[in-house]
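Worksheet for the structure shown next.
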Amino acid sequence: MIDPLTKVHSLNAFEEKLLACKSPKLFLVDIKQFKTINLEHGDEGGNFVLCAFSMTLSRFAKANEMELFRIKDDKFALLMDMPFELTKMERIIFALCDTVQQMRYAYQDQNINVDVHIGISFDHFEPLEKAQKALLVAKAEAQPFVTYSEFANILMSENEEAMKVMIENAIENEQIVLHFQSIVDRDEQPLYYEALLRLAYHQTLQSPKLFFKIAKERNLYDPLFESIANTVDDLSVQKSLTLALNLSSEDLINQSRVDFLKCALAEKNIVLEIQYEKNTPLELLCIALNELKNEGLIIALDNVDNANLITLFPDGLIDIVKVRGDMIRNLSLDESILLKCKTIVELCKHKKIQTVATQLNSQATLEVARSLDFDLYQGYIFEQPHTLA
């Protein structure tokens, strides 16, 4: 039972396989605005994208012991049969998000950009229906993925009071979990550990971006922000480790948040990893970063994809530059990306800024990153995210 267009397993094959699964783990992947692609490039262009996209997913499925099915139109299912294991599910979810993020396919001298939403179900009872519901929430909330759970159900109900209670309970009941992943030097010795937020709900994982978005909309973001910062600070002291806290540039143009960080983290072994957003007033951001740096904090610029971004900041303000993960993953595949990374590394060396090659998942990519003389390295090839308990 093969889909005649994409040559992957069909919906009938999926239904038959699902009946035999004891512990199905289902990832429903849907192309954003596929109708627009069809309108702009015709049926032939749309079919080309579907075939190219199915090949991308097929490679991912093979690498992760999954099976791929075309459910309908631009909707595909990745299925595996295994007991729930938090670390493995986390790795697969984020690897899948990385794989399908901002894809580009060349068609008749044009580039067709493709992005997706993902709905996930870990439930053995009606997994397809539950993944469909999670997919609807991902679309409605503009999130890369959503896992079916009580969390997703409450979002679909649009019950404001229930959402508020859910977020408050998640904070109080420690369902917001911090995992950590090391950033290592050339000798593979840890220099510091990045805190990665995870929202755990009864054997499900949710996108932290979605949780932050909902918290901001309901004026619950600041308690969450302060709780996470205090947890990172406490762990840094308890474990005698340098830890990194992820922040948006939006966080740092809020003076009350900057004052809180200065008070809570001054002279601590903390790295602040900042992702710059273009709509953030640069002058205000630099003032905030300078205040924090004067309190003894280390400043890292995260998700950097071009050298020009680094030149926007005054010399001496940035200590570390982390190059965007999808660029690193494609180092050995794309000559233009290789040249971009080389330019970033050379500029940073001139400015005495350390560089980090992120999302390293293969030995081949690591070797290329080493040849470019990155200072630091991060990825699953060294370790999976873990707690510091």
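Numbers at a glance
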| item | result |
| --- | --- |
| Test: T56 is of a type in the set (V, I, T) and open to solvent by 30 Å² or more (accessible area, probe 1.4 Å) | no |
| Odd one out for R186, checked against (1) over 24 Å from D302 (Cβ atoms); (2) at pLDDT 70 or above; (3) part of a loop (DSSP other than H, G, I, E, B) | (1) |
| Members of segment 373-389 that are part of a loop (DSSP other than H, G, I, E, B), surrounded by fewer than 18 Cβ atoms within 10 Å (Cβ to Cβ) and not acidic (D, E) | Y380, I381, F382, Q384, T387, L388, A389 |
| Residue tally, condition farther than 28 Å from Q238 by Cβ and in contact (Cβ under 8 Å) with a residue 40 or more places away in the chain, over segment 341-358 | 4 |
| Some residue of segment 344-361 being more than 28 Å from A288 (Cβ to Cβ), in contact with a Gly (Cβ under 7 Å, 6 or more places away or on another chain) and open to solvent by 80 Å² or more (accessible area, probe 1.4 Å) | yes |
| Subset of segment 291-315 that is loosely packed, with under 15 Cβ neighbours inside 10 Å and part of a helix (DSSP H, G or I) - its residue that is farthest from the chain's Cα centre (by Cα) | N294 |
| Check on V304, closer than 18 Å to N246 by Cβ and in contact with a helix residue (DSSP H, G or I) (Cβ under 6 Å, 6 or more places away or on another chain) | no |
| Exclusive hit being touching a Ser or Thr at 6+ places or on another chain (Cβ under 7 Å), free of Cβ contacts under 8 Å to residues at least 40 places away in the same chain and among the basic types (K, R), set K268, K322 | K268 |
| Segment 209-236 residues that are free of Cβ contacts under 8 Å to residues at least 12 places away in the same chain and surrounded by 15 or more Cβ atoms within 10 Å (Cβ to Cβ), paired with ones that are outside any loop (DSSP other than H, G, I, E, B) and of a type in the set (F, W, Y) (beta carbon under 9 Å, 6 or more apart) | Y221/F212 |
| Residue satisfying condition, being under 26 Å from F382 (Cα atoms), assigned to a helix (DSSP H, G or I) and among the aromatic types (F, W, Y), within set F60, F48 | F60 |
| Answer residue from segment 94-115, given it is touching a residue at least 60 places away in the same chain (Cβ under 8 Å) and within 19 Å of I328 (Cβ to Cβ) and is most open to solvent (accessible area, probe 1.4 Å) among those | Q102 |
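For (1) modelled with pLDDT under 90; (2) part of a loop (DSSP other than H, G, I, E, B); (3) hydroxyl-bearing (S, T, Y), each residue gets a yes or a no:
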residue	(1), (2), (3)
F76	no, no, no
M80	no, no, no
P83	yes, yes, no
M89	yes, no, no
C97	yes, no, no
A106	yes, no, no
D123	yes, yes, no
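The values are calculated or read from the model by the stated rules, or taken from the named source; none is laboratory data. Just so we're clear, the structure is a prediction, and the values are computed from it rather than from any experiment. Here Cβ is always computed from backbone atoms with ideal geometry, including for glycine, and neighbour counts include all displayed protein chains. The protein model used for the area step is the full one, side chains on, heavy atoms only, and it has no ligands, DNA or RNA in it. Shrake-Rupley method; radii C 1.70, N 1.55, O 1.52, S 1.80 Å.
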